[in-house]
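In what follows, a structure is listed as structure tokens, so that the remarks can point back to it.
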Amino acid sequence: MGDVSRWAMVGLLGLGCGSDATGNDSAGDFTGPTTAEPTASGGSSDASVSSTAPGTLTADDSGTTHGALFDVGVGDSGTDSGPPPNLCKVDDGEISGAGPCEEVAPPDSFAPEVQWAFTGPNGLVACMTSPLVANLTDDNGDGAIDLCDIPDVITVIGNQGESGPGTIVSIAGDTGMLQTMFGQGAQLGVTPALGDIDGDGLVEIVTAQVGGQLVAYEHDGSPKWTSTGVWASSQTGAIALADLDNDGDVEIIAGSNVFDHTGATIFTAPFDGLYSASTAADLDGDGDLEAIFGHAAYHHDGTEYYVRGDLQAQVTAITAYPQVANLDADPQPEVLVASELGIWILEHDGAVKWSNFAPTGESGDWNRPVNVHDFDGDDEPEFAISSYQHYGVYDADQAPVFVANVVDFSGQAGGTAFDFLGSGIAQAIYADESTSWVFDIDGGVLMSTPRSSGTWTEYPTVADIDNDGSAEILVGSDGVGSPTLQAIRDAEDRWIPARRIWNQHTYHVTNVREDGTIPQFEPPNWETLNTFRTQAQIAPGGGVCKPPAG
């Protein structure tokens, strides 16, 4: 073993599973959980499911938890190569903590089971946003909140519509037990953002209240501030954090509005549509970041970088979705925009590369979250997007990789991806109105389990939520016949490690350090990872881990 610290990988036996490419179940598909009953603390005490075949999705209700499994060794020569890295901190100049890059999972290591299921207390059973992950609590009692603690899962729960009141909750990543309720100061349909916005080394939570004022909470749930400015189009939107001007202070992006770290408005751009998930990237190569909205990009001082009136004209109220990646042969990034009539790719300066690509021919409602990853191992990025009846992965030249049948007539759900086996090929993850799916490269079903949702703009997320060195999947539900939130792992924890953070809707790995601090100088993700809204295992130096084959 090399001299870097690594998480121990668990398990030796791989269980195969498979299906056809149409989304029809086969021996590897899974039956889903029944509604879990909350304990007094709001956690799940009964997540039992049917289990009738190898690979069937089952719950772990044994109460066993897994701590951080570290193996700090010496170099291959047998001589000590120096002190081990600080396992609890993110080193200066790094984006993630110490972790392994040499491990792959055994072949066919895809046997998902429910690690825990959480149903909200007091009838607050609906989760309409993407689950987030960060460290908020000192679990090991050493007086510090850091990467040696168990990550916490943060989401918003409620029992009214997307514009109604919600409650932010913090849930223990290893057990699914409720830890903190953050009061009624959140809008149920807004995905918060997590990050250290005040430089104290601790993660804060930023969201919007009903009515559009932004509100920030400390890591322990205590209120920090409420903005005087209003985000008028907050309905089913998402918050993003970034240091736009590289001054060490974090800016907050909400729709077409930018606020400072105290909640003061910096600027509001024309047209602020509903259902937004804005992001930030250095599009012009000058070192600082532009705020990127569905139809436009603005410099950090509020001046225009580009505005596409033709994109804005496609919608009257609902905005388009921007994603940033390098999608062609030049070194500059592109902005992939999902708009009403289809997908657009814009050059870094806003020039149109192509537009209105509707892959399956379904008309309208293509303005949904998109994810970007290398799905097929060709070292080129693909993008994945849903429509009413399909979820597909496509090359940047519009060629399909696979298209699977789904059911998403009601909303704007997105997906994600992760290379669970460390094989260089990512699995696509998506949750529609009734089912959570994991697809293989040919569209074969690796996992399907029931869940219920009106499919707003939420999507499943992936992180190592229990610090055991193996990735888990988080997926929410509206609570109608399904738990509010489920954590799914491999039955023997053989999936490779993932980062222990997922901090916002437009997560792209380099936008946040693993300790929840926001980079003053954000590394361009398209120069290393070239992913968006997906998870990765990160090597020292910030590149994506690609374990050697065999």
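Screening segment 358-393 for residues that are in contact (Cβ under 8 Å) with a residue 24 or more places away in the chain, under 16 Å from residue 441 (Cβ atoms) and open to solvent by 10 Å² or more (accessible area, probe 1.4 Å) and picking the one that is nearest to the chain's Cα centre (by Cα) gives 373. Might you let me know whether segment 247-263 holds any residue that is of a type in the set (Phe, Trp, Tyr), farther than 22 Å from residue 309 by Cα and touching a residue at least 12 places away in the same chain (Cβ under 8 Å)? The answer is yes; a qualifying residue exists. Exactly one residue among 426, 498, 491 is in contact with an Asp or Glu (Cβ under 7 Å, 6 or more places away or on another chain), farther than 19 Å from residue 133 by Cα and either among the aromatic types (Phe, Trp, Tyr) or buried (at least 24 other Cβ atoms within 10 Å of the Cβ) (or both), and that residue is 426. Do we have residue 438 as over 24 Å from residue 330 (Cα atoms), hydrophobic (A, V, I, L, M, F, W, C) and either buried (at least 24 other Cβ atoms within 10 Å of the Cβ) or at pLDDT 95 or above (or both) here? When the stated conditions are applied, residue 438 passes them. Among the residues of segment 296-314, the ones that are at pLDDT below 95, outside any helix (DSSP H, G or I) and surrounded by 18 or more Cβ atoms within 10 Å (Cβ to Cβ) come to 1 in all. Does residue 330 count as touching a residue at least 12 places away in the same chain (Cβ under 8 Å), part of a loop (DSSP other than H, G, I, E, B), farther than 24 Å from residue 503 by Cα and open to solvent by 30 Å² or more (accessible area, probe 1.4 Å)? No.
In segment 464-487, the residues that are in a loop (DSSP other than H, G, I, E, B) reach residues that are surrounded by 24 or more Cβ atoms within 10 Å (Cβ to Cβ) and of a type in the set (Asp, Glu) with C-beta atoms within less than 6 angstrom, at least six apart or across chains, in these pairs: 465/472; 471/464.
The values are calculated or read from the model by the stated rules, or taken from the named source; none is laboratory data. Everything quoted here is computed from the prediction, not taken from an experiment. Methodologically, a virtual Cβ is constructed for each residue, glycine included, from the backbone with ideal geometry; neighbour enumeration extends over all protein chains shown. The accessibility values were calculated without ligands, DNA or RNA, using every heavy atom of the protein model including side chains. Shrake-Rupley method; radii C 1.70, N 1.55, O 1.52, S 1.80 Å.
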